[in-house]
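Below is one structure, written out as structure tokens; the observations come after it.
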Amino acid sequence: MQLKYSNEGLLIYAMMAVVAVGLVLRVIRKKQAAVFVAVIACLVGLTAWIMRWIAVEHIPMQNMFEVFLTLGVFLLPVGLAARRFTGIDPPSDGLGDFILTLIILFPAGFVFSDAPQKLPPALQSPLFGPHVAVYMLSYVLMAKAALQAGLGLYHHCTGCKQLNAHSPCEDYELSAYLLVCLGFPLLSLGLFLGSVWGKLAWGDWWGWDPKELWSLACWLMYLFYFHWRYLFRQKMPRTNCVCVILGLVFIIITLLWVNLSNVFRGMHNYAS
Amino acid sequence: MKNGIYHLGLAAIAVLCLLCIFGAFLGAENARAFFNSIPLAVWWIGFTVLLGGAIVVFRALHKRPMLLLIHAGCILILLGGLWGSRAGQKMTASITDKPWIEPCYLKLYPGRQSSTAYRTTDGQPLDLGFSVGLNDFQIHYYGNPVTVLFIQSDLGQWDIPPAKGADYLLSAQAGKVRVLETFSNLKIRMENGKPVASEGPAVESNPAWLLEFVSPDDKVTQQFVFEKFSGHAMPGYQFLVTPQKRGMVRDYISDVQVFRDGQPVAAKQIEVNYPLHYAGFHIYQDSWGQDESGQYSVLQVVPDCGVRLVFGGYFLLTIGLSGHFARKINSLRRLRKCS
Ligand code: HEM
């Protein structure tokens, strides 16, 4: 736990407060007001993000603090775009965006160090921005998908089936599927750009590094999900939902592996 | 039969996922050995064959272009990976009867060239068949680096500031050191048979330092340190002292030329992220160092076997996935609107 009194830190807290207001408005179903407040929150966050960019003189996606800041700032607009794209709009999705933003901004505000770092030579690549940005975009979509999948599990009831109507579980399951359909090509593009960058910077497109292997495990998890879902369609909505949630669990492990690996002593990773 | 293949594919994806997680706990070096071991080689080939079989067996996979791109892209990546692996390269070399050059590194001082590289795995010398010359090597820093005098001996390593002044205690065993004198153009002349150091004319430059070491038993020795002759040593010198720059490195750049049969055939300023590509090899800026003969650049030479296949495969895969899922999202959206 560490409070930040820098301008960026204070703006993050301000953004979190505004998002919390938006969340309350959304809960009491003042939809218009919630959208207005979301716009303000994003502007506050964007200011922090741009200030960070200027301060460190590179796109702020280098360390954990910057990654979580970027994820938090862009989650709401990405969520809105994803809703437009996929046509899903259960009320939970808009509400979920507020909650996810708060969850993601928390470590940026209170956990990770915001000490500025210079880019070492390996990171000075035109692929740095696109590679990380594409990954983060897909992570946001996968997080939203996992939330829908979680709701699907929560609302699962065997009785609804007999009524021969849309069960809420199926609805959530479909929303999760649509979001993963959007996120998966981006996840693959991220892998592609990472491989090209690895080849240019280190001489190999695949290095068997734990972080790489975890990111491949994520990709394979979603691949399994698609093939599984193709086989059983929506006959097993709960299993489908579990796959999507497992996918996000793997993503979180991938993101935090450098930190988690301190738990498993003697492990190699990029940071060491 | 079709069902069986699909189930096998599903299981294979799950197994591969579990293997990746297992590999992540091994660390990079062990994971590389594990995924290149013979049982895993069989696994990779089996997986590739399974994918190929799936494309043949399932109508959708060869009739629907996007699904074909996806699965064929995966096959290309796997083939490229197999070809680029150590075993794959060894096999290609034995089939094509060309010498097999594994990843290796070159250590080059500015102004010199070499056709001998050292294998990354065990340091064995290899003949590249071409030679690489280093015209110039530069290190750029963020801001201004500080110069220090880097002192090495069996007892340890220390940095001291290169300015005349106070004593520095190195350690209880190594004793103390002091910069006695600094010179911007050191000249040594003989006076009564003894060497005497003094400043020469300012037009030339030969920066140097005179250090005085005091050992724990109060034995005093003096050492000269030259910026331009960093390997300078005399009998009785206890320490290796080299002036070095300390700072956060922004870039390091090797100006490199490749020669074959004495003729220049390629040239590039190699930096991290910008390798030189020549005759099936990528030449990378790897690192640098400094020893008695001065500063040197370390270049890495890596054959490019299979890389085009892999990136071609990735490209098809990404296009296929985007097309496939864009259509999917669109049709599901429409379906939902109707219901
Ligand atoms: C290894 C054995 C594999 C088999 C037997 C297999 C087989 C199939 C089959 C039969 C389909 C259904 C096609 C249709 O929609 O009618 C399919 C879909 C698909 N496959 Fe594979 N596949 C395999 C591996 C892979 C791999 C490695 C990838 C990696 C990209 C992949 C990606 C996909 C995708 C994205 C779909 C579309 C899923 C959907 O529409 O929901 N498959 N696969």
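The values are calculated or read from the model by the stated rules, or taken from the named source; none is laboratory data. These numbers come from a predicted model, not from an experiment. Cβ: placed from backbone, ideal geometry, glycine included. Neighbour counts: every protein chain shown. Protein only, heavy atoms only, side chains kept; ligands, DNA and RNA dropped before computing areas. Shrake-Rupley method; radii C 1.70, N 1.55, O 1.52, S 1.80 Å.
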For this session: Evaluate region B:45-53: report whether one residue or more is free of Cβ contacts under 8 Å to residues at least 40 places away in the same chain, near the ligand (Cβ under 8 Å from one of its atoms) and out of contact with any strand residue (DSSP E or B) (no Cβ under 9 Å at 6 or more places or on another chain).
Result: yes
Problem set entry | strands (runs of 3 or more DSSP E) wholly inside region B:260-310 that include at least 3 residues being open to solvent by less than 20 Å² (accessible area, probe 1.4 Å) and touching a Gly at 6+ places or on another chain (Cβ under 8 Å) | B:294-303
Exercise. Based on what the data block shows, is B:Phe22 within 12 Å of chain A (Cβ to nearest Cβ), over 19 Å from A:Pro210 (Cα atoms) and in a helix (DSSP H, G or I)?
Worked result: no
Exercise. Among the helices (runs of 4 or more DSSP H) contained in region B:26-113, which hold 2 or more residues that are farther than 23 Å from A:Gly207 by Cα and open to solvent by 30 Å² or more (accessible area, probe 1.4 Å)?
Worked result: B:38-57, B:59-63, B:65-84, B:86-96
For this session: Take region B:257-277 and flag every residue that is of a type in the set (Phe, Trp, Tyr) and within 14 Å of chain A (Cβ to nearest Cβ).
Result: B:Tyr274
For this session: Report yes if B:His7 is within 12 Å of the ligand (Cβ to nearest atom), open to solvent by 50 Å² or more (accessible area, probe 1.4 Å) and within 10 Å of chain A (Cβ to nearest Cβ), otherwise no.
Result: yes
For this session: Would you check if there is a residue in region B:82-96 being within 30 Å of A:His227 (Cβ to Cβ), of a type in the set (A, V, I, L, M, F, W, C) and within 16 Å of the ligand (Cβ to nearest atom)?
Result: yes
Problem set entry | Residue under evaluation A:Met221, criteria (1) more than 23 Å from B:Leu332 (Cα to Cα); (2) open to solvent by less than 20 Å² (accessible area, probe 1.4 Å), criterion not met | (1)
Exercise. Out of curiosity, is A:Gly94 more than 28 Å from B:Tyr141 (Cα to Cα), touching a residue at least 40 places away in the same chain (Cβ under 8 Å) and assigned to a helix (DSSP H, G or I)?
Worked result: yes
Problem set entry | Which listed residue is closer than 24 Å to A:Pro185 by Cβ, out of contact with any Gly (no Cβ under 6 Å at 6 or more places or on another chain) and more than 10 Å from the ligand (Cβ to nearest atom), from B:Cys74, B:Cys17 | B:Cys17
Seminar exercise, completed: Counting only residues in region A:171-215 that are assigned to a loop (DSSP other than H, G, I, E, B) and among the aromatic types (Phe, Trp, Tyr), the one surrounded by the fewest Cβ atoms within 10 Å (Cβ to Cβ) is identified as A:Trp206
Exercise. Which one of these does B:Glu29 not meet: (1) closer than 20 Å to B:Cys305 by Cβ; (2) at the interface with chain A (Cβ under 8 Å from one of its Cβ atoms)?
Worked result: (1)
Exercise. Which of the residues that make up region B:173-217 are of a type in the set (A, V, I, L, M) and open to solvent by 80 Å² or more (accessible area, probe 1.4 Å)?
Worked result: B:Ile188, B:Met190, B:Ala202, B:Val203
Exercise. Is it true that some residue in region A:27-45 is open to solvent by less than 70 Å² (accessible area, probe 1.4 Å), touching a residue at least 24 places away in the same chain (Cβ under 8 Å), part of a helix (DSSP H, G or I) and closer than 15 Å to A:Pro107 by Cβ?
Worked result: yes
